[in-house]
Amino acid sequence: MIPGDDGMPKPAQTGELLGSGKVVLFAVPGAFTPGCSNFHLPGFVLRADEVKAKGVDRIACVAVNDAFVMKAWADDQNVGDKILMIGDGNGDFTEAMGLVMDGSGFGLGKRSQRYAAILQDGVVEQLFVEPKAGVEVSSVENVLKHL
């Protein structure tokens, strides 16, 4: 789901969102969490123009959160139209990617692992999954090195 213009969640298919052109997709364990709000998303917001200057048509962020939370987080982080915020409320996309993280020990339930991917016409060309806590291989700096 993505936030609609009227503020209501709008259903969307991954092919529609990620299937055309060059796309940088990054996933976070959760909106408003410290690493996601202090480093991961802000890095992509600040350097979105540099990413797009490397031939990227769209930057997208996905989290196992609902579209309302993703819109509130986007507003809080001043995302504007730089990044498409995708709510994977049921975790279906995350499961299909094979990148589920069990955060139940932290009270988070099933979430997405932190990663970044470079896609071309819907095909994952490069995938950078964080091996541990932190924002390193999935950071905007690492993605820029690989574009």
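Values in this text are rule-based calculations from the coordinates and carry no lab data. Treat the numbers as computed from the prediction; the structure is a model and nothing was measured. Every residue, glycine among them, receives a Cβ derived from its backbone with ideal geometry; neighbour counts consider all protein chains shown.
Could you tell me how far the Cα centroid of the range 1-47 sits from the Cα centroid of the range 79-96, in Å? Spelled out, the Cα-based centre of one part sits 5 Å from the other.
Remark: VAL51, VAL100 ranked as VAL100, VAL51, counting other beta-carbon atoms within 10 Å and listing the fewest first. Net charge of the neighbourhood of VAL51, taken over other residues with C-beta under 12 Å away and scored Lys/Arg +1, Asp/Glu -1, is +3. In this simple spin-label model, placing a label point 7 Å from the Cα along the Cα-to-Cβ direction at both ASP49 and PHE106 gives a separation of 3.3 nm. Its Cα gyration tensor gives the range 2-146 an equivalent ellipsoid, and the semi-axes of that ellipsoid, as √(5λ) in whole Å with the largest first, are 20, 18, 16.
Only DSSP H runs of four or more residues enter the estimate; each adds -39500 (n - 2.57), and after division by the residues of the chain the mean residue ellipticity at 222 nm equals -6500 deg cm²/dmol.
In loop segments of the range 22-122 as defined by DSSP, the trypsin sites (Lys or Arg not before Pro) with at most 15 further C-beta atoms inside 10 Å of their C-beta are LYS54.
Where both bridge residues fall in the chain, DSSP classifies roughly 65% of the beta bridges as antiparallel.
The H on the amide N of LYS10, modeled in the peptide plane, is under 5 Å from the matching H of ILE2, GLY4, each at least 5 residues off or on a different chain.
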